[in-house]
Amino acid sequence: MTQDVPATVPVTTSSPATVETAPTEQSQAPLAVAGDPTGAALVTPPPATLTPERYELALEDYAIDPTLVQQADPILRDVGLSNDAANKLLPVARDIMARTQESVVRQIEGAAAAQKQAWHQAFVSDPEIGGARRTETEHFAAKGLDALGYAQGHPFRQALDNSGFGNHPDMIRAFRRLGELVGEDGSFVRPTTATSRNRPVWERLYPNESR
């Protein structure tokens, strides 16, 4: 008769699990310094409010609009600026505004120059007043301006040149027509009949309108 031998069960040994313990309140608490067992010296008081009751802003050689100060007030308070800090920002803000204005002016000048050039090209290519008739047109247009009292160097003619309106084809066309009506003596009166000499300029320019 055979006796059963119990099977050997392997036993696995493992190292005890490491248990992390949460730091106690005592370990988290700041260490007290000598002579201060409560640790009150380590507590940092909240910073004092820096924003003034009212901002007093001033910039040398520059008048600040009170309305702008009122509009900036809530923003300055929101970022917690003191009155001194806000005043230190003013020169920077002034420079930014100045450069912005310069940029806008350059853009306007560039657009005006482009428009002036476009009008000039339209005049040159106009078959009625430009092209082969350009020199003739410029002669009669100048003659018309002279007859109106706007001689060369007159502020009105300078304004036409500076603004670019003097290059506008319709402006040139109008002054050319005026120049064609000017007599040899430089006036609009044509020595034909007494009636024509007594007629006003607008009737001679637009004879169909006076009927």
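Estimate the FRET efficiency between VAL79 and ALA58 by the formula 1/(1 + (r/R0)^6), using the beta-carbon distance for r and 25 Å for R0, to the nearest 0.05. That gives a FRET efficiency of 0.80.
Once the Cβ-Cβ distance of ARG177 and ALA112 is raised to the sixth power relative to R0 = 41 Å, the FRET efficiency obtained is 0.95. Stretched out straight at 0.36 nm per residue, the stretch from GLN70 to HIS154 would grow longer than its current Cα-Cα span by 25.5 nm. The slack between VAL105 and THR135, meaning 0.36 nm per residue of separation minus the straight C-alpha distance, is 7.4 nm. Legend: Rg and Dmax of the stretch 52-114, from Cα coordinates, 15.3, 52 Å.
Coordinate-derived values only; no laboratory data. Quick caveat, the model's predicted, so the values are computed rather than measured. Here Cβ is always computed from backbone atoms with ideal geometry, including for glycine, and neighbour counts include all displayed protein chains.
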